[in-house]
Structure formats: C-alpha cells, structure tokens
Amino acid sequence: MSSLGPVTGEAAYKVDKTVYNDPITVSLTAKFRYRNLYFTKGSTTNGLREECITADAAPIAFAEFKVFNASGVQVQQGETDTDGNAVFELPKTIATYTIKVYSRSYNDYVKVSVLKDTYTNTPYSVSNQFTVSSTSSPTLDLTASPFFARADENASLEIEGGAFNIMFDILLANEYVRRQIGKNTLVSGKPSTNVNEWWVADKVTVYWKAGFNPRSYFSDDGALLSFYVPTTSKLYILGGKDGNVKESDTDHFDDSVILHEYAHFLEDVYGKSESPGGSHDGNFIIDPRLAWSEGWANYFQAAVLSGTANVDAGNAEWNVPAEDRYRYYVDTVGYKNDIADTQGKIAIAFDLTDDAATATLDNLNGSPSGEGTFREVSISRSLYKSSRNPANDYSTSGIKGGGVTFANFWKVFAGEDNAGSNRSNPLTNSFVNATGKYPEPNVGLFNYLLTKYEGTLNSNWNDIVAEEKQRQSTQDYAWYLNTDSTNSTCTFSFSGGVKETTMEDSSLPRSNQHRNNDFFIIYHTQGVTDTLLLNYTSDTTHDVDLDLYVYKNDYIYIEDYYLAGGYNPSLYMATYARRNYSIDGGTNGIGSESVTLKNQATGWYVINVKVNMYGKSSAATSTANYTLKKNGVTLCAKEQ
C-alpha cells in the first residue's frame, strides 16, 4: 500500500476581494480541454481520442483564483463566473502579474475540491501571465485570449484538464438537481437565500492524480477502480497505473464514472445507503441493497448527461437525447491517437433504454416477476425509462417513457421538496423517514413510496416496472412482518429451488437471492424474548429444505459455503437455524426451524427464509408452503 507520509491539511478557502483605490478592472477567461469521446452504438472504434480543440473547451466555472505580482506576493483573489471569467481589481500601475485558477469551489453553485493526493491535499491549478501596460484605461479585457488547462500529457504531465473535468461534472450534477427539484431561483442575479428556492450539495473532496491508482491508498491488490468511501464525503477517481494514461484504464475523462461515484456521495449524504458492497458485474442476481445503490448511480449519471445535453440543444430535459452516449453508461480504457490506433477502447457500455427482454446485461427474458429487484442494470434502466418523456418511444416494443419526474424521485430518495421538507424535516414517504421505518433501501420500496406521489394509474410507468420484472411493493425484499392479518399475506411459498451459481471471475457458489430466498423485516426490543418458528410443508419429492436466518440491519449476506466451512457469522447475524431437512423433526415433507431473540439490541432485523441448495447437483422441484410465528402468533407481511 502507498505510504501516506506526513499529512498537510487543505488550505483555507478565501475569496473575498482586496479593495484598491482608483483601480484597473482586469478580465480573463479560464477554460479546460478534455479528450473527445467517440461513441456510436455498435461501432468498433469507440473510445477516447484526441484533445478537444480550443473552440470546444469548457469554462472553468465558479472556481477559486489568486493573482500574484512579479515578486510572488498574492495581491488579489476571487472566483470565476459561469463562463470561466475572472474579473478583479488591481492597482493602476504598469506591472506584470500571474493568475492561477484552482480546482476548488466553495460557493452557492458547487462545493468541491479536486486534490492531488491525501497527504499534501493540494489542488491543481492553471496559470496565465499578463501585463498591465497602460494606466490610462480603467479596464483591461483579456477574455478574447483564454488560457487553458490541458488534457494531453505531452503538453502537461499533470493533465490539469482532468481535474477540471471532474470538477465540471460535479457542477453539472448540482445544476441538474437544482433545476429538477425546483430550487433554482435567482434573486437579482444571485442564488436565493430561501432554502426552499435554492439547493447546493455539501462539499465533496475528490482525490485524483494522472497515472495513479487510488486503490493503492487502501490495498495492494492491484485492482484499478474509482470509488466513494461512505461517511467520508471523499471520492477517489482512477488516474491510470504506474504513470501510464495511454493504455491504462483511466476515469478522469469518463463522465459516466465520475457522476456515478458522485451519485454514491449524494446517496450517502442526502439519501439512505445500506449497500453491503461486494462484487457486481451488471449481469448477476445480487443483494438488492447493492443492486439499488449501483442502479441508482448508473441512472443518475445518464440523467445528468441527458438533461445537460437536452438543455444545450433547447429540448425538454426528460427527452431521450439524440446522441447515443448520453443515454449510456460508458467506461473507457486508455485512448486512441486516431481511428487506426489499436489502443484505447470501451471497457463497459450499456444502453439505459434497452428492452429488458433483449438487453445484453441483466436480460430478463423469461425471468420471474420480482427478479429485477436484484439486478443493478435493470434498476438503472427502470429509473431512466420511467423518468423519460411519455411522448418518447424508447423501445421497439412500443413502451413509452414513464413521465415520472425527478422531483418525485428526489422526494423518495432524499425526503426533500421545495415546500419545507429537507434533511432536517424529511417527507414521511421517503427512504429517510424520520422514524427510521424503512431500514433497507431497495427498488421495490422506492417504487412503493413513489406511488404516494405518482399514484398507481400511470400506465406507462406500470408497463416499465412490469417489463423490468420489478414491483411497486416490498414483496421481494424487506417485507414488513407483524401480527396484524388485515390486508396481509400470512402464508408464503417457494416453487422449488435453483442451483447455486458463480459470478464471473469468482469460484464462490452463490445462492439465488431472489428464487431461493425470502427477506422480511421485523422490529425487536432488547430484553424481550422473541421466539421465531418456521413451519413448512412440501409436496411431491420433498426436496426443499428451508433454513431460518436472522440478520442484523447492516448485514452482509452469508453464503452457505462459508457456514459449511465453519465461519462464525455473528458479526452480521443475530442467530440462525439450518438443520438438515432429514432431521427437521418431521416426515412426508413437514419441517421446522426455530430461533430466539432476547439480548440483541433494539432495532430492525432481517428475517431470511432460505432454500438450502448448497452442494446440490440439481434443482429442487417441490413446492414448499411455510408460515412464520413469533411467540406462537402467526406473522403476516404487508406494506408499512
């Protein structure tokens, strides 16, 4: 692992201007260049290529700047405007100065620092020297000759354009959320001070360095990746490997990756994240909390890029954009010098408007209802298609956009609207409900809560949810157990069990978390003895063996492979019972499992009823019906 060395804190952010008598007002423009992404659906030459021309460079907006005299003394400071213009006053004397614009912003538009490493905490900068050569004019306008942060390592080894591209993406995300939730009001050209009229996200810190893999801060396993560390408000963006940015995987110009990781920050700070982390490849049934978190992040990047592209083109933000890349998730590796260059390629690309039955990733053709709850790319598609213009056909099957607004998404996700509800006073029908009644975020819960704002009569949205094999309920995950049988389900069943499978690049046998598992939530009070009893019967071959697990709220799902090997699951489980079917105490397909809760902490627990398929060479074929009881009283499931 990388040695951190002595740590120096990030410098204070000071942008209050210095006042001069009889000054000259100077104006300059700072921009950044980036590598162009060539991307057309089905093309074999997609990928990053040359540095954009100066005419296409993007403004370094709302960024900190400092001005130094020829002796290196700081004489002015401030922030650029939305067009990257730095406007400031200097003494009206003939002199030469240097302006530096930094990869930091802390204002009402965006709060972000893009820093070189975790021990110096130094931002990037782009500089320009200029001269005040006359004292006769009160202004010096140099905006016709912008200065640029470069994207080409041959022009600048630090590739400062990468830092400013990261910063720009985060600004775009803030602008998108502001527009969509109706907190975008300017008063006399400045952001409103009314919290119901303006929104800006808390500060996020991003660590990135050209040619450097930030994974090495934490591990020496060599994995190349960008990531967000929960509870820290810190993103780590992949800059390459061992100084290489030509052939190596890099993410500083991968807008999808940057915005994906920023979405995890928003989930951590504004939403509710219970993702256990772990492997995910976009083509496997995984923990529904992980599927939700990754699905949300995949969706968010496309929503921001689509919205921005549509605004620039003068179209409605929720349209499906004309250019393919804005509705895709795109992750590149290296770059090409030209179309003939064999280096530089697309590592991952998937279309968020794909039909679930024909998609390459998370294909749901023939899958049972509810499976989409456990698939991240399905969730990404569902969210994206649901929030598209209902006048748009996104699918060859004729299904149109769902017409659901991002504002309603945000109400469920963050509990926030523009009428007084926010983090300190969240909406009741949201992940962040103040009572904590929704402990396990997942797409079924999201859709259920969304019906409180959208209703259930939106046929376009209903069609999309059905197409993606999801539901507008928690039936497939985190169904609420209680003793009230009114409008509840009190008997549950499995239709056999499917064999365990392995994920790509892993030999670990994994249980199908949808078809072999049922998940419920229950509230337990410490000191109270709660005895849980699982009773089940199976027909025909009697080959369904059910086990009972009680997980802690912040659990990691434990595969039978580990339990069979003697692993102690107490870190994640409160208790469990997994007797072999043959000794379950009954015959002719009758079985039971029992556990007791008493000394466990007060709070929510996840009840997992599981078909034990560990080591089975073929699928189970019996239908098993079961009931759950607490202290002798039948438990039933319903929405809260």
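Values in this text are rule-based calculations from the coordinates and carry no lab data. Small disclaimer: the values here were computed from a predicted structure and weren't measured. Quick reminder, even Gly has a Cβ in these numbers, built from the backbone with ideal geometry, and neighbours come from all protein chains shown.
Residue farthest toward the positive end of the dipole of the chain, with Cβ of Lys/Arg at +1 and Asp/Glu at -1: which of W198, T529, T456? Farthest towards the positive end: T529.
Can you put K183, K241 in order, fewest other beta carbons within 10 Å first?
Values: K183 23, K241 18.
Least to most surrounded, the residues fall as K241, K183.
Listed by chain and number, the aspartates and glutamates whose alpha-carbon sits under 18 Å from that of K100, ignoring those within fewer than 8 places in the same chain, are E10, D16, E64, E79, D81, D83, E89, D141, E158, E160.
The spacing between the stretch 190-267 and the stretch 39-95, judged by their C-alpha centroids, is 21 Å. Rounded to the nearest 20 debye, the dipole magnitude of the stretch 338-411 is 400 debye, with +1 charges on Lys and Arg beta carbons, -1 on Asp and Glu beta carbons, and the Cα centre as origin. Relative to the Cα centre, the charge distribution of the chain, modelled as +1 at Lys and Arg Cβ and -1 at Asp and Glu Cβ, gives a dipole magnitude of about 1080 debye. Dipole of the chain computed with +1 at Lys/Arg Cβ and -1 at Asp/Glu Cβ about the Cα centre; of H280, G240, N608, farthest Cα towards the positive end is N608. Within the chain, helices built from complete DSSP H runs that reach 27 Å or longer along their own axis (Cα positions) and carry a mean Kyte-Doolittle hydropathy of -0.5 or higher are 160-181, 288-313.
Can you tell me the relative contact order of the stretch 157-266? Whole percent, Cα pairs under 8 Å, sequence separation 6 or more. It comes to 26 percent, rounded to a whole number.
Find the relative contact order for the stretch 60-216 and round it to a whole percent, using C-alpha pairs within less than 8 Å whose residues are 6+ positions apart. Don't jump to the answer; show the numbers that get you there.
Working: 268 pairs, mean separation 35.0, N = 157.
Worked out over the stretch 60-216, it gives 22 percent.
A Cβ-based charge dipole, computed about the Cα centre of the stretch 479-638 with Lys and Arg at +1 and Asp and Glu at -1, lands at about 300 debye. Looking at the stretch 281-354, none of the chymotrypsin sites (Phe, Trp or Tyr not before Pro) sits in a DSSP loop with at most 10 other Cβ atoms within 10 Å of its own Cβ. Taking other C-beta atoms within 10 Å as the exposure proxy, K100, K190, K246 rank K190, K246, K100 from fewest upward.
With both partners inside the chain, how many of the DSSP beta bridges are antiparallel, as a percent to the nearest 5?
Values: 95 of 110 bridges.
The antiparallel proportion sits near 85 percent.
Of all DSSP bridge pairs formed entirely within the stretch 479-638, close to 95 percent run antiparallel.
For the stretch 174-225, averaging the sequence separation of C-alpha pairs within contact (under 8 Å, six or more residues apart) and dividing by the residue count gives a relative contact order of 25 percent. Between D554 and A357, what FRET efficiency follows from the Cβ-Cβ distance if R0 is 41 Å, with the result rounded to 0.05? The computed FRET efficiency comes out at 0.70. Over the stretch 115-247, all Cα pairs binned in 5 Å intervals from 0 give whole-percent P(r) values of 2, 8, 14, 15, 14, 13, 13, 10, 7, 3, 1, 0, 0, listed from short to long. The 3J(HN,Hα) values that the Karplus relation (6.51, -1.76, 1.60; θ = phi - 60°) gives for the stretch 35-41 are, in residue order, 8, 5, 9, 9, 8, 10, 3 Hz. Gly and Pro appear as x. Ranking of L628, L224 by neighbouring Cβ atoms within 10 Å, starting from the fewest: L224, L628.
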